1. Tell me the residue from Ala289, Ala262, Ala284 that is free of Cβ contacts under 8 Å to residues at least 40 places away in the same chain and aliphatic (A, V, I, L, M), please.
2. Between Glu465, Glu471, which is assigned by TED's automatic domain parsing to the domain that holds Ala414, surrounded by 13 or more Cβ atoms within 10 Å (Cβ to Cβ) and touching a Phe, Trp or Tyr at 6+ places or on another chain (Cβ under 8 Å)?
3. Which condition number does Cys90 fail, the rest of (1) part of a loop (DSSP other than H, G, I, E, B); (2) crowded, with 17+ Cβ neighbours inside 10 Å being met?
4. What tally of residues in region 49-61 results from selecting those that are out of contact with any His (no Cβ under 7 Å at 6 or more places or on another chain) and over 12 Å from Gly12 (Cα atoms)?
5. Does region 385-406 include one or more residues that are in contact with a helix residue (DSSP H, G or I) (Cβ under 6 Å, 6 or more places away or on another chain), in contact (Cβ under 8 Å) with a residue 60 or more places away in the chain, among the hydrophobic types (A, V, I, L, M, F, W, C) and assigned to a helix (DSSP H, G or I)?
6. Looking at region 334-372, which of its residues are part of a loop (DSSP other than H, G, I, E, B) and either polar (S, T, N, Q) or under 22 Å from Ala426 (Cα atoms) (or both)?
7. Say whether the condition of being in contact with a Gly (Cβ under 9 Å, 6 or more places away or on another chain), more than 18 Å from Tyr190 (Cβ to Cβ), at pLDDT below 95 and not in a loop (DSSP other than H, G, I, E, B) is met by at least one residue in region 24-40.
8. Answer yes or no as to whether Glu241 is out of contact with any helix residue (DSSP H, G or I) (no Cβ under 6 Å at 6 or more places or on another chain), over 18 Å from Gly353 (Cβ atoms), assigned by TED's automatic domain parsing to the domain that holds Ile372 and at pLDDT 95 or above.
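The values are calculated or read from the model by the stated rules, or taken from the named source; none is laboratory data. Worth saying up front: this structure is predicted, and the values here are computed from it rather than measured. Note that we place each Cβ from the backbone using ideal geometry, even for glycine, and neighbour counts take in every protein chain shown.
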Amino acid sequence: MIKQEIENIELGYLTSDDYEELKNAMIESYANMPHDYWEEFQIKTLIDKFPDGQVVIKVNNQLAGCALSILVNSSKVDSNHTYNEITGNCTFSTHKPNGEVLYGVDVFIKPEFRGLRLARRLYDYRKELCEKLNLKGIAFGGRIPNYHQYEDEISPKDYIEKVRRKEIDDPVLNFQISNDFHPSRILKGYLEGDKQSSEYAVLLKWDNIYYEKKSKEATSQKKIVRLGLIQWQMRPYNNLEELMQQVEYFIDTVSGYRSDFALFPEFFNAPLMAENNHLSEAEAIRELAKHTEIIVQKISELAISYNINVITGSMPEIKDNLLFNVGYLCRRDGTTERYEKLHVTPDEARVWGMQGGYELKAFDTDCGKIGILICYDVEFPELSRLLADEGMDILFIPFLTDTQNGYSRVRNCAQARAIENECYVAIAGSVGNLPKVHNMDIQFAQSMVFTPCDFAFPASGIKAEATTNTEMILIADVDIDLLRELNQFGSVKNLRDRRTDLFTLKRNK
């Protein structure tokens, strides 16, 4: 059949009325197989147990192909199994209505319709069904029909590797790999009588990137996340109460736009050092550190009352008589977590005697996993890569830079982190000046939200940007599901294509 003869192609559910045509199509398709067709009662059983899993594709109203499937528990798939075991000796007693995995029982295209990419339509349906039913993924035992030609020379494992490298042509396995299925293990003795595959099969899997583990809790994790970035104006305040009024104003404002996060800049509370400007810089910042505990407490209360997760930028904090640059994630459920600046700048060490921190981790939130790095830390790519390995979706960067040179380092490195880690990166800084605070003379900032660079994202990799050196807020929505699609189907796959056979990135204990 040629394309010009095709009047219509239709995908539909398999019915009992299709049986005779299905039987003849199977006999024609499986001429070299030991069991060349399903009995009518078996097809009826499949339709009764799982009607959505049984579909046919018809060309000009003629049955051209079919896909049959059942639902099983993931533990059943992950253990060694044969075809008879997974199908209950073809009785399909193994079908579980609440199973987590769609298991492919059969799929075929009649010889005369091959070359029209009809099998891809059947697999696309399975993927859509998997997403609709919130299943973990798809699995099946894939035949390797050309292996019998090589079984005396190489193992099944080597055979698969050679197929990957295009040294051996296996049309079945090549199709599955190109269709986003990945080999998981070798199944020995899988299909009795399959001489072409020497009774071996490859357990092939497709992971549903949208799968959500069922929860008994009333809340669910958000997929569209709204970020509220605060480009903070440095100005004099008479006391802590006045500064906190400004903090509440911004939290109130971004919360009014239904933001999920409010991000403050690094050292946003620096104006309070003015009252101690008569002291040395090192003494003044230690006095500033005395306010940190109460600021965190008040911001945590605001996070609850305004129903927003607040990232406090950073503040000085004394721990064991050492001075650190730290911040807090104040969740809207009332919990708080601390993060540290790991790399202090030469100026922070020389002028203030500040120490670099030691703890790095991703944080769980009601909007997914996030990472937080303070200013200079974003210029060290290892840190964000470790956070990406923990599942980070959004990286927040509170920063403080005095010159455009310093800002450009933070900005350009932040955008690189978004590309290489397939995540969103939000940066927020301070603007203005503090003439009565030593070592805090001027500030330069343009707050921004960066994305990976691929078709689903802005071509520039910039989701939103504030006006340079102007006090304002920046609101931007980011779609977490787009990151999942990028990881699986992106033009390039930065995380998946890493050469971990050549290098290893790990933490020191």
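1. So the residue among Ala289, Ala262, Ala284 that is free of Cβ contacts under 8 Å to residues at least 40 places away in the same chain and aliphatic (A, V, I, L, M) is Ala289.
2. The unique qualifying residue is Glu471.
3. Exception for Cys90: condition (2).
4. Here the count works out to 1.
5. Checked against the condition, which is being in contact with a helix residue (DSSP H, G or I) (Cβ under 6 Å, 6 or more places away or on another chain), in contact (Cβ under 8 Å) with a residue 60 or more places away in the chain, among the hydrophobic types (A, V, I, L, M, F, W, C) and assigned to a helix (DSSP H, G or I), region 385-406 yields at least one hit.
6. Thr335, Lys341, Leu342, His343, Val344, Thr345, Gly357, Glu359, Leu360, Lys361, Ala362, Cys367
7. There is at least one residue in region 24-40 that is in contact with a Gly (Cβ under 9 Å, 6 or more places away or on another chain), more than 18 Å from Tyr190 (Cβ to Cβ), at pLDDT below 95 and not in a loop (DSSP other than H, G, I, E, B).
8. Judged against the criteria, Glu241 is a match.
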